[in-house]
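The values are calculated or read from the model by the stated rules, or taken from the named source; none is laboratory data. Just so it is clear, the structure is predicted and the values come from calculations on it, not from any experiment. Heads up, the Cβs are rebuilt from the backbone with ideal geometry, glycines too, and the neighbour counts pull from every protein chain shown.
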């Protein structure tokens, strides 16, 4: 089901929901200023994107992992995990769908994450994202 638009001649054409996805993606740094957004593509029923966590983020910006011996410290403010970023992104879009359509389940339960460890890996992943619309007909998510 094309939730976010359709591929026409290898180019993604966003519908209104796709435009909301694009807006929510662009708003991530407003909520998580320690990140920058990189390559991103909206597909008819899923998205691909690279989020870069700033190099100036230090240990003081994160809570220590809890252990059995120490009580878990109380968190204040916004959680700073990749999971919280993805969750916030999904929530914004799901709220729009629930308010404006009959669709109430937009996303699969989880998401795929991968740490990009070097420039070569980055270039391969960035190219995969950029060229994803041209490969839509053979995409495993194409239904």
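Computed quantities for the displayed model
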| item | result |
| --- | --- |
| The lone exception for residue 41 - which of (1) surrounded by fewer than 15 Cβ atoms within 10 Å (Cβ to Cβ); (2) under 19 Å from residue 126 (Cα atoms) it fails | (1) |
| Which numbered condition residue 63 misses (of (1) loosely packed, with under 12 Cβ neighbours inside 10 Å; (2) over 19 Å from residue 43 (Cα atoms); (3) modelled with pLDDT under 75) | (1) |
| Qualifying positions in region 66-96 - at pLDDT 90 or above, more than 20 Å from residue 36 (Cα to Cα) and out of contact with any helix residue (DSSP H, G or I) (no Cβ under 7 Å at 6 or more places or on another chain) | 94, 95 |
| Filter result (touching a residue at least 40 places away in the same chain (Cβ under 8 Å), part of a strand (DSSP E or B) and over 22 Å from residue 83 (Cβ atoms)) within region 1-51 | 7, 11, 12 |
| Tally, over region 116-136, of residues that are exposed (fewer than 13 other Cβ atoms within 10 Å of the Cβ) and part of a loop (DSSP other than H, G, I, E, B) | 2 |
